[in-house]
Each structure stands twice: as C-alpha cells, then as structure tokens.
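Working notes, beginning with the structure itself.
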Amino acid sequence: MNTLHVDLGTRSYPIHIGAGLLGAGQLLVPHVHGRQVMVVTNETVAPLYLDAVRAALADFDLEVVVLPDGEQYKTLATVDRIFTALLEHRFNRRCTLVALGGGVVGDITGFAAACYQRGVHFIQIPTTLLAQVDSSVGGKTGVNHPLGKNMIGAFHQPQCVLADTDTLNTLDDRQLAAGVAEIIKYGLIRDRDFFHWLEAHMADLLARDPQALAYSIERSCRNKAEVVAADERESGQRALLNLGHTFGHAIETGMGYGSWLHGEAVAAGMCMAADLSIRQGWLAAEDGVRIRALVAQAGLPIDPPADLDPGRMRDLMAVDKKVLDGGLRLVLLKAVTGEFDDASLDATLQAHRQRTA
C-alpha cells in the first residue's frame, strides 16, 4: 500500500492506494467520528463489494442506500433519495457517508454530505479507474442538470480516499479506457515524463498489468493532490485539470448523459484542445499527432460524435462553469485562456466535424 496526502491544513486527508484494502477497517475507522454510517453505492457495485465494506465497519450503526447505476441518474432527484434515507433513520450531524462506487456515486454522495445538516463527513471508496485517479480526490461534488454537466454542486473534501486496485479486476474494458483518459490528462498538463511513460507503457496499462496500474494511479493522484493543495477552489492553477472538459461536457450534455462515458468525452475534448492549441501557434503539429496517437492507442475517441454540429457544440460550451462574465475560457496546451481566436475555435470544430462525417 502507498499513502499520499492532500495537504489542506485542517481539511487534509490521506489517499490509500493498494490491493485488498476494502476490508481494511483500520484505514476507515479513524475517519468515522460518530456512531452512524451510511454507505451509498449502486446496483452494479453492491453485489461485488458491499459485504467487504460492511465487515470493515461492523462496529458502527450502518445503513445502506443502493442507487441505480448510470450518469443519467446523477440528478437532484437521486440526491433526495439519500436525504430521505438519512432522515428516516434519524442520522445526526456526526454521521459519516461512505461513497462506494465510481465517479457518479462519489459526486452524488459528496454533494449529499455537503448539504445534509449543512455539512457532514464522508469517505470516498472509488471502484473505477477514473474515480481512483481523478473524481474521488479534490472535493468537487455535484450533480448534472439537463442544460449542463456538473452545474449544481459544492466543494466538500472527503475524510479519506481508499483506492483498492483489486476492484479494477471487475471493470469492463470500456470503463477502464475511460479512466485512462484522465491519466493521459496529467501527462499533458504538468508531467511530461509521465506522458512519455504512457507512450511506452499504454499496452501494459490496457492489459491491466498490476505494476503499471498501481504506478499510473499513484502518479495521477500525486499530480492531482499537488494541484488541489495549491488551489483548492479553482481560482488559479486547478483550472488546468479541466483540459478537454469544456468540449467533453458539451458532448455529454448534447448526446444525453450516459451515452458517452465521461472519459470518452474528455478524450475527444483533449484532442480538440490540442487542435486549437496548434491553430493558435502554441503547440507543435507533431505534438498534436502524438497526443491523438496516444488517445487512439487507449481505444478512446479522438473526435466528437457526428450528431453534434459545430453550432450545437458552441451553444453547449457556452453553458459551462468556466464561462466568466459571458466569455468562454478554455484550457489549452499553453494556459487557461480566454484569448484564443474565435475563428480558430470554429476551424477546430469544423475540422473535427469533417473527420467524423
């Protein structure tokens, strides 16, 4: 097991990464401050891993909420199911929520914890690669709205993150690749050596080599922990973590939540961001070729869906948390900027449209 720390003063917490951690009560118990624990999971994960978590927390008054599985259920209505269960079982403000599942479960549970009685503790136990390397770390919680992805939420840091790499053995290949998209992102935004490593070891990662997986999870979490510690609420450098996400969120919203996985949409979005960076003169064309090649090697899309024309993409991108005072901001491979040329953005959207057509 390796343990990293997110350094946020009184809100600091550990990230435990390793195999066989689900039943390690000694890693969870120190972060439960009252008697009441509610595990929130979904219909896919519960039959696989709920019993192990129950056993680890057997000394507490434990209740369980099992949610339907899918991005389409990341809504306020689903959060209300958690609130109802908490109230029916008379949970007080010393309770702890435990998110057992992927990014959707983690985001929903964290948001419920941020809101219930104006904030209670929660623990992240991510069971997908994407959640282990990205969404479980950093305290971003929330739900989707039909008009925009993650537009309703709160910053609420977990008490700890427990990433059991054994849970990846039950992950299908599509979900694994979606997680790889966020891993590639760290190589692009701040860790060039990691990008080179990924070029050399992508086949090992997709083959689920235990050493390759453990290394990539730890390095990704280390990168994210450093960024979050420096900028918890995204007032500066944390925005770099959104590379490809404005394009990607537009794809997810436009296609209907759950049609494209988050990592798939981000993968196409990163390729579009690279294309626009080249058009701005900030990125060499050969680097763009390498980025597209690595994304394609991971089995991820390099272009948006043909069903979304450039005008619709533009409209959807305008409904994004990164829009400030009416101006669209994009994370490109130079900086977080609102200074890109509109004609270049249109050219990027048209070029990717032509490739998918």
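The values are calculated or read from the model by the stated rules, or taken from the named source; none is laboratory data. Since the model is a prediction, treat every value here as computed from it, not as a measurement. Positions of Cβ are generated from backbone atoms using ideal geometry, with glycine treated the same way; all protein chains shown enter the neighbour counts.
Taken together, the residues in segment 28-53 that are hydrophobic (A, V, I, L, M, F, W, C) and within 23 Å of the chain's Cα centre (by Cα) amount to 9. Taken over segment 204-217, the criterion of being surrounded by fewer than 20 Cβ atoms within 10 Å (Cβ to Cβ) and touching a residue at least 40 places away in the same chain (Cβ under 8 Å) is satisfied by 206, 208, 210, 214. Here residue 107 fulfils each of the conditions (1) surrounded by fewer than 22 Cβ atoms within 10 Å (Cβ to Cβ); (2) of a type in the set (D, E, K, R); (3) not in a strand (DSSP E or B) apart from (1). You will find that of 58, 113, 131, 77, the residue that is out of contact with any Leu (no Cβ under 6 Å at 6 or more places or on another chain) and closer than 13 Å to residue 37 by Cα is 58 and no other. Of the residues making up segment 47-67, those that are closer than 27 Å to residue 261 by Cα and either touching a helix residue (DSSP H, G or I) at 6+ places or on another chain (Cβ under 8 Å) or among the hydrophobic types (A, V, I, L, M, F, W, C) (or both) are 48, 49, 50, 53, 64, 65, 66, 67. Counted as qualifying within segment 225-303 are the helices (runs of 4 or more DSSP H) with 1 or more residues that are farther than 25 Å from residue 197 by Cβ and touching a residue at least 60 places away in the same chain (Cβ under 8 Å), namely 245-255, 262-279.
Based on this model, can you work out whether residue 48 counts as assigned to a strand (DSSP E or B) and modelled with pLDDT of 95 or more?
Against the criterion (assigned to a strand (DSSP E or B) and modelled with pLDDT of 95 or more), residue 48 does not qualify.
Of the strands (runs of 3 or more DSSP E) contained entirely in segment 127-201, those carrying at least 1 residues that are out of contact with any strand residue (DSSP E or B) (no Cβ under 8 Å at 6 or more places or on another chain) and at pLDDT below 95 fall at 148-155. Filtered by the rule that a residue be over 25 Å from residue 21 (Cα atoms) and touching an Asp or Glu at 6+ places or on another chain (Cβ under 9 Å), segment 145-185 gives 148, 149, 150, 151, 153, 155, 185.
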